[in-house]
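Enquirer: Have a look at this one before I ask anything.
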Amino acid sequence: MTEDDLQFREHVRSALAGLVLPRAESWEAAGEVDRQGWLALGDLGLLDLAHAGPGFMRSAVFLDELGRTGYTGIRAAIGVHAYMARSYLELFGNEEQQAAYLPGVRSGQRIAALAITEENAGSDLRNLATRAEVCADGSYLVFGTKSYVANGSCADFFVTLAKTGQAPAGKVLSHASMLLIDAGLPGVTRHEQPMLGWRGAGLCAVEFTGVPVHANRLLGRPNRALSQLMKALDFERLVAGLLAVGGIGYCLELLRAFAREHRIGDSPMSARQAVRQQIAELDCELELIGQYARHAARQQCLGQLDTKTASVLKLKSAEFAVLAAQRCLTCHGARGYQRDSAVSRLYRDAIGGVIAGGVSELLRDMIYELG
Ligand SMILES: Cc1cc2nc3c(=O)[nH]c(=O)nc-3n(C[C@H](O)[C@H](O)[C@H](O)COP(=O)(O)OP(=O)(O)OC[C@H]3O[C@@H](n4cnc5c(N)ncnc54)[C@H](O)[C@@H]3O)c2cc1C
């Protein structure tokens, strides 16, 4: 990391402390980041950081700091908008699509969501049901329902996976495409899906009932969803991993501070060897995962991020976040188990991280296959 990156970290940390932290509780309660929040993030240039090349190091710094705010739902909302959904436009959008959507995404005026999962198509997308029927003029009519869409409650458009052709059994993704679907089109309906955690992420089911989508809203060439997903999912898992590492850092800071302040009898909790050893163990693990995260970020800077690296990072960071949150909560005793405590939020949020963006079993399968 250069001197410039380190200064950028200071800048991001104070920007997030001024903008996100004072509003985080109200965004969590409202279930989404509000419009003013998106615009303020855009004004600060935080929705416009590089996805590739050497500039990605700034993104890595931002994602780590965003994770360190301790609000997984909010970090997911911002991560999906500025990275995961936006990446499809950056990677596969044509000039017209990029000109139409990216300025609004970067400024926070147009909120993005990624709508892939369905009730019967999650880890395995072969049962994908959403379909885009081709009309005589080349436009589409989209039918189907997507589930668990982060920013679903507030998105202005959805980057959506849909079948665009008749596929033989088991080959559905080679006859599917990614479409940009504006939320204001007729036939788009959102249904809240209240979750255990990730409360600021606006998770919704999004129903498309004969939504008319212009032909020029297809991303890339028709029936290319499989190769597009493979590339974009690597990036998504890198981003998820970097966010998770920041979140674990926050969790560990909370734990250390609590162990110093809380007294068992007449001595601070941190005087107990068992507690010190637990914290040290978590710290070691975080050091290793943090180094791996920096390695993955550098690979992305060099244009060399591969599926295995992205999968290992996502798997290990998400699972370790659960363990760290569990230890943090139990060390806090009953005060940590209170419904509205910061550590109970970390705990319920951490479980969602293991599911979203690829469940652990799927990632292990992939890692095994990649050897
Ligand atoms: C907090 C959160 C945010 C999300 N945000 C979005 C979003 O913005 N956009 C979007 O499109 N989707 C989103 N999702 C959906 C997410 O991508 C899916 O939940 C995920 O892909 C898993 O799919 P599923 O829930 O249908 O579980 P399933 O695929 O049905 O899996 C259920 C369980 O089966 C087991 N399993 C699955 N695969 C295997 C395997 N290969 N081997 C062995 N066991 C296996 C696992 O234990 C798994 O947990 C989100 C989910 C969550 C929880």
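What follows is calculated from the coordinates using simple rules that are stated; it is not laboratory data. Given the structure is predicted, the values throughout are model-derived calculations rather than measurements. Glycine gets a Cβ as well: all are built from the backbone with ideal geometry, and neighbour counts include every protein chain shown.
Enquirer: Mind checking the dipole of segment 144-271: about its Cα centre, +1 per Lys or Arg Cβ, -1 per Asp or Glu Cβ, Debye to the nearest 20?
Expert: On the way: 13 positive and 9 negative charges, 93 e Å.
Approximately 440 debye in magnitude.
Enquirer: In debye, nearest 20, what is the charge dipole magnitude of the chain about its Cα centre with +1 on Lys and Arg Cβ and -1 on Asp and Glu Cβ, if you could check?
Expert: On the way: 38 positive and 40 negative charges, 92 e Å.
So the magnitude is around 440 debye.
Enquirer: Using a cut-off of 18 Å between alpha-carbon atoms, which lysines can reach Lys231, once sequence neighbours fewer than 8 places away in the same chain are excluded?
Expert: Lys308, Lys314
Enquirer: Still on this model: Give me Asp234, Asp266, Asp349 ranked fewest to most by other Cβ atoms within 10 Å of their Cβ, as a rough exposure proxy. Could the numbers behind the result be given before it?
Expert: Numbers: Asp234 22, Asp266 6, Asp349 26.
With the fewest neighbours first, Asp234, Asp266, Asp349 line up as Asp266, Asp234, Asp349.
Enquirer: Next question. So for Val172, Val134, fewest C-beta neighbours within 10 Å to most, what's the order? Can you show the working numbers first?
Expert: On the way: Val172 20, Val134 14.
So the ranking, lowest neighbour count to highest, is Val134, Val172.
Enquirer: So what's the back-of-envelope 222 nm ellipticity for the chain, counting only DSSP H runs of four-plus at -39500 (n - 2.57) apiece and dividing by all residues, rounded to 500?
Expert: Values: 13 runs with 197 residues, N = 371.
It comes out at -17500 deg cm²/dmol, rounded to the nearest 500.
Enquirer: By average Cβ neighbour count within 10 Å, what is the ranking of 206-218, 54-66, 5-17 from highest down?
Expert: Highest to lowest by the protection proxy: 54-66, 206-218, 5-17.
Enquirer: With an 8 Å Cα cut-off and a minimum separation of 6 or more residues, compute the relative contact order for segment 112-221 in percent. Show your work: numbers first, answer last.
Expert: Numbers: 257 pairs, mean separation 34.9, N = 110.
It comes to 32 percent, rounded to a whole number.
Enquirer: Turning to a different aspect of this structure: Applying a 10 Å radius around every beta-carbon, put 270-283, 354-367 in order of their mean neighbour count, most first. Don't skip to the end; give the middle numbers.
Expert: Details: 270-283: 13.9, 354-367: 17.0.
Result, highest mean Cβ count within 10 Å first: 354-367, 270-283.
Enquirer: Could you line up Met84, Met269, Met1 from fewest to most neighbouring Cβ atoms inside 10 Å?
Expert: On the way: Met84 25, Met269 21, Met1 14.
In order of increasing Cβ crowding within 10 Å: Met1, Met269, Met84.
Enquirer: Before anything else, pin down the relative contact order of the chain: Cα pairs under 8 Å, at least 6 apart, normalised by residue count, whole percent.
Expert: Values: 682 pairs, mean separation 66.7, N = 371.
Once normalised by length, the contact order is 18 percent.
Enquirer: Let me ask something else. Which whole-number percent is the relative contact order of segment 227-370 (Cα, under 8 Å, 6+ apart)? Write down the numbers at each step before the final one.
Expert: Working: 137 pairs, mean separation 45.0, N = 144.
Normalised by residue count, the contact order of segment 227-370 is 31 percent.
Enquirer: Here's another thing I want to ask about it. Go through Leu102, Leu346, Ala334 and say which Cα lies farthest out towards the positive end of the charge dipole of the chain; charges sit on Cβ, +1 for Lys and Arg, -1 for Asp and Glu.
Expert: Comparing the listed Cα positions along the dipole, Ala334 ranks first.
Enquirer: Let me ask something additional. Given Cβ point charges of +1 (Lys, Arg) and -1 (Asp, Glu) and nothing else, what value in debye, to the nearest 20, does the dipole of segment 1-139 about its Cα centre take? Intermediate results must be reported in sequence, preceding the final value.
Expert: Values: 12 positive and 20 negative charges, 37 e Å.
Computed charge dipole of segment 1-139: roughly 180 debye.
Enquirer: Between segment 324-371 and segment 160-211, what is the C-alpha centre distance in whole Å?
Expert: Cα centres, segment 324-371 to segment 160-211: 26 Å.
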